[in-house]
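These notes are about the structure you will find just below.
Every number here is computed from the coordinates shown, using simple stated rules; none is lab data. What you see is a predicted model; the values in this text were computed from it and never measured. In this analysis, Cβ positions are derived from the backbone assuming ideal geometry, glycine residues included, and neighbour counts consider all displayed protein chains.
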Amino acid sequence: MEFEFSEGTIRFDKVPSSLDAFVASFCALLHARRIPYVIVSGYVALVFGRSRMTEDVDIIASEIPEAAFSLLWDDVYRAGYECINVTDKASAYREYLRNGSALRFAARGTFIPNMEFKFAKPGPEEYALKNPLTLVLNGAPLAISEFELQIAYKLFLGSEKDIEDARFLFRLFRPHVRINLLKTHLAGLGVGAKRAGGHLGESL
Amino acid sequence: MKFDPVELKKQKKRNFTERLAFIDQYVDWLKRTPNRVWSEQLKDFHK
């Protein structure tokens, strides 16, 4: 695997999957509207080659005013996507996003994959949004969760799939993982270092 | 049919340990494989 990693940015090129194209296309709409966002969870591992399927890509965005959301909603529909769990944009904003629930956007007429889009809540989500890693994939920027938080949060979630995702990222980017920061996140999430080390295959 | 829950739990744990070992092997392969090769193989998998 060839990549360049420096100053909070990781650059690499690859043959894109249709999932990569979907993510790039949707995030370009957020970039165009200057809406801060960060991709978290499974896609952060999948984009670097983790070999499993997913039905959604999780995006956490900064809370924006309703007027700004309305413009984004229109952009999303013009780009050929639709919201699959609510059809009315006022309800989408007031009843879903403002209440901490997620919207799911998919290519029109499809269900999977979809973008799970929500506003950041205080805690790990807000931290992820404020401390993103910039992934420049085939020349296009994507904001993704920093690896240390991603690994710690996956271990906190604790399913076999999540632990495997954490181990994948840890082993792949081991020289670039800031162990003290990882330990800080583990402690903040209440995950013991001994248990974490067991899952990651290395004492912490 | 009667199952032995203790034995099943052991099997589950062993399977998971083997999954983690597989991930380590897979990561080693990814590290030494050019992007165009592994991503070409995965592009139809990540639909």
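Determine the principal axes of the Cα atoms in chain B, then give the extent along each, sorted from largest to smallest and rounded to whole angstroms.
49, 23, 10 Å, listed from the longest principal axis down.
What do the square roots of 5 times the Cα gyration tensor eigenvalues come to for chain A, in whole Å, largest first, as semi-axes of the equivalent ellipsoid? Walk me through the numbers on the way to the answer.
Values: eigenvalues 171, 71, 47 Å².
Over the Cα atoms of chain A, the ellipsoid semi-axes are 29, 19, 15 Å.
Sort out for me the Cα centre separation of chain B from the range A:1-30, rounded to whole Å.
Taking the Cα centre of the range A:1-30 as reference, the centre of chain B is 24 Å away.
Hey, what number do you get for the protein assembly as shown at 222 nm if only DSSP H runs of n ≥ 4 count, each worth -39500 (n - 2.57), divided across all residues, to the nearest 500? All intermediate terms of the calculation are to be shown ahead of the outcome.
Working: 10 runs with 118 residues, N = 251.
Value at 222 nm, helices only: -14500 deg cm²/dmol.
If you plug each phi of the range A:123-132 into the Karplus form 6.51 cos²θ - 1.76 cosθ + 1.60 with θ = phi - 60°, what whole-Hz ³J(HN,Hα) values come out, in order, with x for Gly and Pro?
Whole-Hz 3J(HN,Hα) from phi for the range A:123-132: x, x, 5, 5, 4, 4, 5, 7, 10, x.
For chain A, what is the relative contact order in percent, using Cα pairs closer than 8 Å and at least 6 residues apart in sequence?
Details: 294 pairs, mean separation 43.2, N = 204.
With pairs under 8 Å counted, the relative contact order is 21 percent.
First check a/c for the range A:1-64, with a ≥ b ≥ c the square roots of the eigenvalues of its C-alpha gyration tensor; if it is under 1.5, answer rounded, and if not, answer prolate when a/b is larger than b/c or oblate otherwise.
Working: a/c = 1.74, a/b = 1.27, b/c = 1.37.
Oblate, since a/c reaches 1.5 and b/c is not below a/b.
Which pairs, out of A:Lys154/B:Lys43; A:Lys118/A:Lys154; A:Lys118/A:Lys183; A:Lys183/B:Lys43; A:Lys154/B:Lys2, put more than 30 Å between their alpha-carbon atoms?
Values: A:Lys154/B:Lys43 24 Å; A:Lys118/A:Lys154 19 Å; A:Lys118/A:Lys183 27 Å; A:Lys183/B:Lys43 34 Å; A:Lys154/B:Lys2 35 Å.
Check vs 30 Å cut-off fails for A:Lys183/B:Lys43; A:Lys154/B:Lys2.
Please figure out what share of the DSSP beta bridges in the protein assembly as shown is antiparallel and state it in percent, rounded to the nearest 5. Spell out each step's value before the answer.
On the way: 19 of 30 bridges.
Roughly 65 percent of the beta bridges in the protein assembly as shown run antiparallel, per DSSP.
Where in the range A:37-71 does the amide nitrogen come within less than 17 Å of the point 7 Å from the Cα of A:Arg98, taken along Cα to Cβ?
A:62-71
Enumerate the amide H contacts of A:Asp58 below 5 Å, restricted to partners 5 or more residues apart or on another chain; note that Pro and chain-start residues carry no placed amide H.
A:Val40, A:Gly42, A:Tyr43, A:Glu116
Can you work out the base-10 log of I(q)/I(0) for the range A:70-180 at q = 0.14, 0.16, 0.19 1/Å, using the Debye formula on its C-alpha atoms alone?
With one equal scatterer per Cα and no solvent, log10 I(q)/I(0) is -0.76, -0.95, -1.16.
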